[in-house]
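Nothing in this text is a laboratory measurement; each read-out follows from the coordinates by a stated rule. All values derive from a computational prediction rather than experimental measurement. FYI the Cβ positions are ideal-geometry reconstructions off the backbone, even for glycines, and counts take in every protein chain you see.
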Amino acid sequence: MSLKLEDIPFEEGVQKGIENDFMRQAVSGAQGRFRAGRLKQAQELGNWEDWRKLGEEIRTHTVNHIDFYLHQLSEQVEKRGGHVYFAETAEEANSYIKQVIQTKNAKKIVKSKSMVTEEIGLNDALAETGAEVVESDLGEWILQLEGDHPSHIVTPALHKNKEQIRETFAQKRGYTGSSEPEELAAFARKQLRSDFLQADVGITGCNFAIAESGTITLVTNEGNADMVWTVPDTLITVMGMERIVPTWEEMEVLVGLLTRSAVGQKLTSYITAYTGCREEDEIEGPNDYHLVIVDNGRSNALGTEFQAALHCIRCGSCINVCPVYRHIGGHAYNSVYPGPIGAVLTPVLDGYDDHKDLPYASSLCGACTEACPVRIPLHEMLVLHRQKIVENGDTPFAEKMMMKGVGMWGGSPFVYKMSTKLAHSALKPWTKDETIENGPGPLKAWTAVRNLAAPPKQSFRSWFENRKKDGEN
Amino acid sequence: MAVYNRDEFLNKLAAKLGRPRRTEGVVRPVWRVNPQYEVFKGMDQEELVDIFANQCEAIHTDFVRTDVAHLKNVLVDVIKSYGGESIILPKDPRNEIYGLPDCFNELQQDTNIHVWDYTIGKENEKIAERANIGITFSDITLAETATVTLFHNKHHGRSISLMPKNYIAIIPKSTLVPRMTQAAAIIHEKIEKGELVASCVSFISGPSNSADIEMNLIVGVHGPVKATYILVDE
Amino acid sequence: MKVSLFITCISDIMFPNVGKNTVEILERLGCEVDFPTLQTCCGQPAYNSGYLEEAKGSMKQMIRAFKDAEYVVGPSGSCVGMIREYPHVFKGDSEWEKPAQELAAKTFELTQFIVDVLGVKDVGSTFKGKVTYHPSCHMTRILGVKDAPKILLQNVKGIEFVELPSGEDCCGFGGTFSVKKPEISAEMVKEKSRHVTETGAEYLVGGDMGCLMNIGGRMQREGKNVKVIHISEILNTHN
């Protein structure tokens with residue numbers, strides 16, 4: 001199961017993104033708002049760096065003891081009447097869930113937004129059961145009607161404008177109203193309300209599972225996850241194995257970091273903590289509950305220098321500050337997980353073969369690392385990925401040769417000094433008015449869009465030597 | 001109830017971590033920094049009320065303050081402003097303590113009042129779905145985020161605060177704490193003592209909303225479109 | 001105070017004036033400046049491309065070159081940031097970890113050195129013109145130097161200082177990124193050029209020649225009349 005969205009070369013996706021003016025404007029505007037919101041919240045707390053350190057410490061401890069906490073979680077869920085299925089692969093998870101659906105003979109399934117179900121391709125797998133699957137997050141619903149993929153992990157339909165959405169509603173659901181967001185949302189509310197009421201099975205993701213009580217915490221603004229967990233008698237939660245915390249107290253800290261970092265809110269409208277099956281005489285909530293805990297490549301990171309990638313709480317703040325994401329959009333990453341965290345996580349989960357451009361889709365500016373509420377050194381991990389790709393011998397031949405040269409040059413003062421003397425004359429044929437507008441070889445990519453200042457005749461070191469001599473004379 | 005593939009799965013994780021698997025003895029450390037306890041530390045209830053009231057504005061929620069004696073009038077006004085019609089509420093001893101039945105007497109004859117009754121099963125949910133207004137008491141109230149905390153049970157269905165178009169929370173002043181930290185600590189302590197946590201604990205901060213269409217804030221998506229928090233001095 | 005100049009390969013070969021200005025500023029502030037000629041490149045191009053072994057060759061050479069220095073000062077947030085990473089790169093290496101730590105501890109970026117080590121906030125220069133400042137990513141985020149360059153600029157006599165909108169956004173240089181992912185890099189530098197133009201500044205100043213070479217090259221290509229200069233040029237002007 002590849003995390004790839006489409007079978008196209010990376011550069012093609014980049015080009016498509018760059019040429020999509022609406023998307024770029026939308027992303028740029030969204031980034032501005034998200035960023036301002038996050039900074040305002042951080043400022044209001046005053047000691048944001050302490051919060052980040054606490055977030056990091058909690059995540060580090062939890063992932064270091066992930067076997068213990070998952071064991072505890074599963075015991076607690078079982079105690080509260082739930083089934084727990086540990087799935088090593090996407091296929092295992094999907095086939096277990098399919099089996100539950102088939103046993104229930106379910107006709108309609110409602111889902112709340114979940115990136116892990118995108119990752120394992122659950123909706124495609126469920127299509128085989130014949131049941132209708134309805135995404136209930138407004139953004140996800142829009143994309144589902146259209147057959148499109150999320151381009152952002154928090155606001156999945158960021159790349160769509162309201163005209164496009166009106167058109168989709170009209171074509172797929174006979175909508176006759178305007179493109180006013182309120183009217184569009186009111187229409188969606190009505191349509192989805194009837195889906196909720198008819199659903200046999202609900203499927204949710206998981207923001208934080210609480211080990212001490214077997215509780216699943218869901219974070220939304222719309223309240224759709226609450227609808228999913230209230231109406232159907234059968235409920236399935238799919239969680240990436242690392243989405244766990246020891247107790248309610250850590251859940252609280254991380255939820256606050258999540259909502260502030262994700263959308264600049266102190267909390268979202270709905271934070272709901274569900275535990276197992278409904279109690280005796282309770283009318284709502286499931287009487288048949290299944291928790292599916294998914295590895296799907298996450299364990300590749302355990303015990304390696306990529307382990308901290310599992311600390312991610314999926315707030316998307318790295319995406320919201322990333323200049324590369326701003327210009328190319330989410331789809332260009334060609335992975336379920338876009339942006340800096342996507343570039344780090346995707347190759348960990350899914351290997352380099354399909355994703356070896358991702359670690360290079362970064363100028364290593366470090367904005368992601370600075371924004372991350374749990375202090376994942378994202379840009380350093382991108383360098384680590386590059387090291388792995390080099391170690392595997394998977395970089396282009398010309399680059400290998402060049403880097404060998406760079407190594408020799410930097411390692412030898414003699415070779416280096418020679419270069420300071422030769423640079424000027426070597427580039428002379430391309431130099432005009434001390435500027436190179438159309439450089440040779442590797443400079444071509446540079447001069448395609450910008451000039452290059454030509455190296456002057458005299459290097460600094462030669463100036464300094466002369467100055468010293470002059471001084472001595 | 002069953003747990004599938006656990007040993008295989010967790011043994012592998014432990015192996016990757018380079019140590020034997022652990023099923024006991026892991027102690028949650030004392031975290032080196034704990035900024036969560038510093039927020040609004042030492043503030044009295046009045047200061048918390050101010051913070052709470054200010055935050056209500058940020059979350060598009062109307063804030064009304066009253067005392068027990070005047071709650072009836074205030075509640076009647078809010079219900080009328082939402083158009084009355086039909087109301088659903090949990091079966092909660094506080095209904096009587098705070099004089100809600102008395103208040104409902106003030107409403108028009110044709111206002112439908114339904115108190116959650118588990119003996120009629122799913123019918124409760126259907127009533128909630130049709131109801132114009134849901135009313136609940138807050139069990140713990142978070143000042144920082146203007147959040148009401150609800151512990152649901154057989155007398156307090158989840159749809160009461162979720163499905164009607166309008167939501168009213170009655171907030172006894174004594175339920176006010178600085179932030180979610182205190183609520184989490186209360187729940188954690190109960191769990192440590194062996195108590196079972198409610199099958200559903202909701203932290204609700206205002207009406208439902210979405211920014212999924214061009215980042216425009218739309219208030220009222222799946223849940224309530226409007227919300228009022230009534231803070232009651234005791 | 002004895003200072004060894006870490007010129008950085010880019011300024012050594014491409015922008016010698018940056019070195020000249022740096023030397024003169026430091027001397028004016030009372031430092032005795034020497035130039036260890038065995039220095040090469042900090043190793044960042046290879047390191048950031050994932051060529052760890054090739055990078056280490058450079059890094060070891062730099063450690064050797066500055067072994068006897070009291071302070072090492074360089075006119076680049078990015079290259080100094082790289083040297084500060086050496087202990088991390090050589091972690092667990094019995095031969096090189098300790099000397100890497102020693103070098104990292106005594107190496108400073110120019111403005112950081114002036115403000116934090118020398119304790120000087122006004123270098124006494126005069127500069128006439130409208131100036132905006134690009135806070136380069138590695139200077140601010142890797143090295144953590146945010147205030148020092150601004151403090152020094154704001155104390156220059158005659159200067160008209162304007163903030164650069166979205167200044168913290170990367171200009172798209174990223175070393176080999178600019179030629180490895182040129183399409184993305186191009187969009188980033190175009191955006192930066194727009195922001196610089198918006199300020200109406202005559203000069204764009206920065207503390208990293210890589211970024212400035214990128215932004216300057218783009219603005220020149222666009223025919224924009226903004227002079228892109230290293231901060232040392234302003235700090236060493238007395239007109």
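Key figures for this structure:
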quantity	calculated
Sum of -39500 (n - 2.57) over DSSP H runs of 4+, divided by residues of the protein assembly as shown (222 nm, nearest 500)	-13500 deg cm²/dmol
Rg and Dmax of the protein assembly as shown, Cα atoms only, in Å	30.7, 110
Isotropic mean projected area of the C-alpha convex hull, segment A:1-112 (nm²)	12.6 nm²
Net charge over other residues, Cβ less than 12 angstrom from the Cβ of residue C:107 (K, R count +1; D, E count -1)	-2
Beta bridges per DSSP with both ends in segment B:42-233, % antiparallel, nearest 5	30 percent
Angle in degrees between helix A:413-426 and the longest Cα principal axis of chain A, rounded to the nearest 10	80 degrees
Cα Rg, Dmax, chain A, angstrom units	26.1, 101
Placed amide H near residue B:176: partners under 5 Å, 5+ positions off or other chain	B:141
Quotient of C-alpha Rg and 2.2 N^0.38 Å, computed over segment C:2-116	1.01
GNM top mover of C:214, C:21, C:48 - chain C, alpha-carbon springs below 10 Å	C:48
Members of B:16/B:190; A:400/C:180; A:16/C:180 lying beyond 24 Å, as alpha-carbon distances in this model show	B:16/B:190
Segment C:122-235 - Rg and Dmax from Cα coordinates, angstrom	13.5, 42
Cα centroid separation, segment A:191-216 to segment A:391-463 (Å)	58 Å
Nearest-ten-degree value, helix A:48-64 long axis tilted from longest Cα axis of chain A	70 degrees
Charge context of residue B:159, other residues only, Cβ under 13 angstrom, K/R +1, D/E -1	+1
Neighbourhood charge, 15 Å Cβ-Cβ cut-off, centred on residue A:411 and excluding it, Lys, Arg +1 and Asp, Glu -1	+3
Rounded Å value of the spacing that divides the Cα centres of segment B:145-164 and segment A:262-331	23 Å
For segment A:52-94 versus segment B:76-99, the gap between their alpha-carbon centres in whole angstrom	41 Å
Choice from C:197, C:37, C:132 with maximal GNM fluctuation in chain C (Cα, 10 Å cutoff)	C:37
Cα-based shape type of segment B:42-233, given that a ≥ b ≥ c are square roots of the gyration tensor eigenvalues and the cut on a/c is 1.5	rounded
Cysteines, chain A, no other Cys beta-carbon under 4.7 Å	A:206, A:277, A:312, A:315, A:322, A:372
